[in-house]
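Note sheet for the following structure.
The values are calculated or read from the model by the stated rules, or taken from the named source; none is laboratory data. For clarity, every value in this text was computed on a predicted model and none was experimentally measured. Neighbour counts are summed over all protein chains in view; Cβ atoms, including those assigned to glycine, are modelled from backbone coordinates with ideal geometry. Side chains included, ligands, DNA and RNA excluded: accessible areas come from the protein's heavy atoms. Shrake-Rupley method; radii C 1.70, N 1.55, O 1.52, S 1.80 Å.
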Amino acid sequence: MALEMRLPAVRRPLSETLGRDSKKHLVVPGDTITTDTGFMRGHGTYMGEEKLLASVAGSVERVNKLICVKALKTRYNGEVGDIVVGRITEVQQKRWKVETNSRLDSVLLLSSMNLPGGELRRRSAEDELAMRGFLQEGDLISAEVQAVFSDGAVSLHTRSLKYGKLGQGVLVQVSPSLVKRQKTHFHDLPCGASVILGNNGFIWIYPTPEHKDEDAGGFIANLEPVSLADREVISRLRNCIVLLVTQKMLLYDTSILYCYEVSLPHQIKDILKPDVMEEIVLETRQRLLEQEG
């Protein structure tokens, strides 16, 4: 039986600025946020004894006079314009139900998607009959949030050619609070793979396509065999993302790329070992601090 032993190792001293990073105001349920009665009560807060108290564990966010607490671990709460990755769970009349890590299933209407070939016309009965030919149960898609209903359910659309059915790759599920909001969530990394960082905590890693097929309307998945080199890059990226999530670090293109570069001296299977993980995270944090400072 193989036995693995960890021996004491000398740690490299980190930059002094690491401990002085901009700290967030973290609270747990029952903590007093403020005693000033001039503030408005937002999500995750309640009034008690003329004080504003936290009802969830998370970070305090202020917008002018509005105070809310953003939970550190929660289901996805949709916002218009968010990029999401979801899985089709049901085909219904003129719509698909999509699992997007939120409390309720999201909805993708037949009228909110591009037809194959990018045709612009009214949806007919023939299109409704062919819905399972476009997307069926189990298919993964990328989409954008079009609207949020009063009960919290989300309506999606795939009217741009960059959205649509996803082909071959790896799905990693993380907490939505760890995905950093950016202008773009589609990243082609220089290591030869691409990632879609869904605001809902679903991250899709796939080989970077050589040419994008714009005639397909986003609903023809590439099912050609993936080369061994591409599979190794995707596996390494997947382990790097799991490592960053374990250490509660924000996920965005720079943090993932730095973590990938730092992990190159190690084998893919060793990345998630505790001592290797610690070494990679410290080096990644150091590089991020140097880049910011």
- [ ] Can you confirm whether the range 175-192 contains a residue that is buried (at least 22 other Cβ atoms within 10 Å of the Cβ) and either over 9 Å from the mean Cα position of the chain (by Cα) or on the phi > 0 side of the Ramachandran plot (or both)?
- [x] no
Task: Candidate set: the range 126-140, residues that are aliphatic (A, V, I, L, M) and within 28 Å of the chain's Cα centre (by Cα); chosen: the one surrounded by the fewest Cβ atoms within 10 Å (Cβ to Cβ) - done: M131
Open item on the list: Testing E278 on (1) buried (at least 16 other Cβ atoms within 10 Å of the Cβ); (2) part of a helix (DSSP H, G or I), one condition comes back false. Which one is that?
Closed with: (1)
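Residue by residue, here is whether (1) in a strand (DSSP E or B); (2) over 30 Å from K73 (Cβ atoms); (3) modelled with pLDDT of 90 or more; (4) not aliphatic (A, V, I, L, M) holds:
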residue	(1), (2), (3), (4)
L110	yes, yes, no, no
P116	no, yes, no, yes
E126	no, yes, no, yes
A143	yes, no, yes, no
G152	no, no, no, yes
H157	yes, no, yes, yes
- [ ] Please go through the range 94-108 and pick out each residue that is open to solvent by 50 Å² or more (accessible area, probe 1.4 Å), touching a residue at least 24 places away in the same chain (Cβ under 8 Å) and either assigned to a strand (DSSP E or B) or of a type outside the set (A, V, I, L, M, F, W, C) (or both).
- [x] K94, R103, D105
Open item on the list: So in the range 16-65, with the set limited to residues that are surrounded by 10 or more Cβ atoms within 10 Å (Cβ to Cβ) and polar (S, T, N, Q), which one is modelled with the lowest pLDDT?
Closed with: T17
Open item on the list: Would you confirm, using the coordinates I've provided, whether V80 is of a type in the set (A, V, I, L, M, F, W, C), open to solvent by 60 Å² or more (accessible area, probe 1.4 Å) and free of Cβ contacts under 8 Å to residues at least 40 places away in the same chain?
Closed with: no
- [ ] Look at the range 37-61 and say how many of its residues are without any contact (Cβ under 8 Å) to a residue 12 or more places away in the chain and assigned to a loop (DSSP other than H, G, I, E, B).
- [x] 1
Task: Failed criterion for T254 (all others in (1) open to solvent by 70 Å² or more (accessible area, probe 1.4 Å); (2) part of a helix (DSSP H, G or I) hold) - done: (1)
Open item on the list: Of everything in the range 159-174, what is open to solvent by less than 20 Å² (accessible area, probe 1.4 Å) and of a type in the set (A, V, I, L, M)? Give them in sequence order.
Closed with: V172, V174
Task: Residue ID - modelled with the highest pLDDT, chosen from residues in the range 220-251 that are open to solvent by less than 40 Å² (accessible area, probe 1.4 Å) and not in a helix (DSSP H, G or I) - done: L251
Open item on the list: Would you confirm, using the coordinates I've provided, whether V84 is outside any loop (DSSP other than H, G, I, E, B), under 19 Å from A147 (Cβ atoms) and modelled with pLDDT of 90 or more?
Closed with: yes
